[in-house]
Every structure is written in C-alpha cells, then in structure tokens.
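Derivation of every value follows stated rules applied to the coordinates shown; laboratory data play no part. For clarity, every value in this text was computed on a predicted model and none was experimentally measured. No Cβ is skipped: glycine too gets one built from the backbone with ideal geometry, and neighbour counts run over all protein chains shown.
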C-alpha cells in the first residue's frame, strides 16, 4: 500500500448505519480517530435521522436520503468550524444515527395495585398489564435529554422510565374515564387511546411519542373475584323456585345412592313426599308458595288475645301452679283453694289470702259456706 492509499485510509468516505438489531434506538458512527472527508457520502435510510455533534454541541440533522457532505449542507457545523470561505478540509465530528421506527416490543405492568373508587363496589384495587409502541419524533431532544454520549442507546435503558410513567398515569386515566369496574373490558381501547395521548404530551420534552397503547388485562383481587362469581351464579339461577326443586331432586338422587341407615331412608322418604306434593301442585297449576291466611269478614285482622295472669297457690306449705283463672276455678272445685288460701302472682310483693284480692272474687263465689256446727 502506497503513501497516498494510507492517507486515504485515514479519511471516512461513506457514513451510514445498517441496523442488525431490533432494540437499538441510537447508534454512534464509529470514527476511531478517523476524519470525515469533505465530500463524503452520508446515507440516511428510511426510519433514520443522522445528527452531527461537534465537540459536544449538536449541529446539523439529516432526514432520510443520500447527501454529499459540503459546507453548504452543513451550515451549523461550518459556522462552528469557522469555514467562512468554503474550506474543504477533512473534519472531525460525531455522527449519531437515531432510529425513528416504532418499537413495538415494549411491555408494561403494575407491580403494585392501583387503588380506585368504584360506584358499585366502593374502593377496589386493580392490577393491569399490556404493551405499547414508542417512537422518536425529535432526535435532537432525545440526544440532549436522555442519550448524552451513549454510543448505543437501547430500549432497555428507557423502558423502565416509561413503565414508571405509565403506571403513574394509569390511575388518573381510569378515574377520569368514569367507567364502572364491570365495564372496563368494553372500554379498554378508549382508555388506551386516552393514555397514549397523555403520555405523548408528557414525553414531548424528551422527543418520544407513544402512538399505540394497549391494555391487555385488568384484574381485581381474589376476594373481589369471588364476590363477582357469586353474583354471576345468582344471575344464572334465575327462577329461585325452579332452582329449589332442582336442588331437592339432586339431594333425593344422592339419598337414593346411599340407602343404608334409617336416617337416610327417612330423609329420602320425607323429601320424596314433599317433592311429590310439590310436583302435583305444579301439574295442577297451583302455586308452590304457601297462600297467606285469609282475613275475616270486614277485611281487617283481629287483634291478638290478651295473655292471662298466671297464679301460684300455696297448699300444705307447697307451691303449686301456675294457674290461669280457669285453673283456679278447678282448684276451688277440688277444695284446695278457698278465701284463706295463700296466692301470689307477678307484681305482688308477698303472698296474700285469696279472699283479700278483689280480682279473685268471681272465682271464689262458688266456694260453699262452712258447715253449721252439729
């Protein structure tokens, strides 16, 4: 190799990037102390943006296309270098290729539940997960705010930051949507579009947009799931009368499978009779619900009978009773109750002779007078 060939080898003729990965967002062209020759070819492919950086300061940016690097298409770099008169010398500059395609392999999920207030279930804890797409819309802002001097900026370096931002905005999006818990599945697309807009607006300062946001699943704690299952089961039962007959028939079938034991036979016989009567009424078109007691003529229910006072009688030093007035009359007829017999009822402070109580006068009226002396 001659001297001129070695000198040519010190200069870069073609500046380009062929991406062989699926997760690289920014890639720095490896100059290795070589200088870029003025007049070199810059190839920027679709979904790429090339940004020139001179001594840490962002200069010119190029969209997709093929360019011959001259001072006229490097106006900012020419100013920084001081090429006022079109001096066509090699130059040193860092070239960053920024990938502007959509990165769709981005996942998100809530490590901790999001607490929301639901109109029907009260305060509930939700977990959710899904996917989203991210795209660079401002390469220069991305280099300033996130990349810095990283020679290969990958999605894993920004994915955790985006996940935290998503989880932080998820609760607000679900709350402002005003969608009941049971209707979240039907509104996941609308909530996803809302979140995509909110996140894009917030990420504008770092040059990233979220064109697509997908909520794959929203789940509730196990205790809420069990409550929902019970509610679903009650709705599936429908007619409780038919469900009761079905349960009785199932129990009868189980009893028939276990004929041993008098208790099982008695239960089976009783349930069989009840089922037969119920089926007979159903076939006759009668309601299986017990009919209410008919009201007496006049359409009003009679008041309940008043409770009778209970009395205790002292006979030969022994307490007997309690007796109502009818029972006391029987005691009078038997000769065990007279005017001098001690009696007591609730509310009295002590035992008293029956003849001293006006309320027992009607009972004692049948007591015969004492026999005359012989």
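In whole Å, what three semi-axes, largest first, describe the equivalent ellipsoid of segment 301-374 built from its Cα gyration tensor (square root of 5 times each eigenvalue)? List each step's numbers first, then the result.
On the way: eigenvalues 122, 47, 25 Å².
In descending order the semi-axes read 25, 15, 11 Å.
What is the Rg over Rh value, at two decimals, for segment 152-197, using alpha-carbon atoms and the Kirkwood definition of Rh?
For segment 152-197, the value is 1.12.
Please give the peptides 63-69, 193-199 ranked by average Cβ packing (other Cβ atoms within 10 Å per residue), highest first, as a rough proxy for protection.
Details: 63-69: 14.4, 193-199: 18.1.
In descending order of packing, they fall as 193-199, 63-69.
Using mean Cβ contacts within 10 Å as the protection proxy, how do 205-213, 165-173 order, highest first?
Details: 205-213: 18.6, 165-173: 16.9.
The peptides rank, most packed first, as 205-213, 165-173.
Taking other Cβ within 10 Å of each residue's Cβ, how do 125, 28 sort, fewest first?
Values: 125 15, 28 18.
Ranked by crowding around the Cβ, least crowded first: 125, 28.
Apply the Debye scattering formula to segment 60-107, with a single equal point scatterer on each alpha-carbon and no solvent, then give log10 I(q)/I(0) at q = 0.30 Å⁻¹.
-1.31
May I ask you to order 127-136, 36-45 by the average number of other C-beta atoms within 10 Å around their residues, highest value first?
Details: 127-136: 19.4, 36-45: 17.7.
Per-residue mean Cβ counts within 10 Å order the peptides as 127-136, 36-45.
Give me the base-10 log of I(q)/I(0) for segment 103-224 at each q in 0.15, 0.22, 0.23 Å⁻¹, Debye formula, one uniform scatterer per Cα, rounded to two decimals.
Those come out to -0.69, -1.25, -1.35, one per q.
Measuring from the lowest to the highest alpha carbon on each principal axis, how far does segment 44-173 reach, largest first, in angstroms?
75, 24, 24
Sequence gap at least 6, Cα distance under 8 Å: using those rules, report the relative contact order of segment 103-224 to the nearest whole percent.
Over segment 103-224, the number comes to 38 percent.
Fewest Cβ neighbours within 10 Å first, please rank 58, 14, 25 accordingly.
Placing the least packed residue first, the sequence is 14, 58, 25.
Using Cβ counts within 10 Å as a stand-in for footprinting exposure, how do 20, 60 rank, fewest first?
20, 60
Could you check the spin-label model distance between residue 248 and residue 137? Points 7 Å from the Cα along Cα→Cβ, value in nm.
With each label placed 7 Å out from Cα toward Cβ, I get 6.8 nm.
Give me log10 I(q)/I(0) at q = 0.13, 0.23, 0.24, 0.26 Å⁻¹ for segment 7-99, Debye formula, one equal scatterer per alpha-carbon, no solvent.
-0.41, -1.27, -1.37, -1.55
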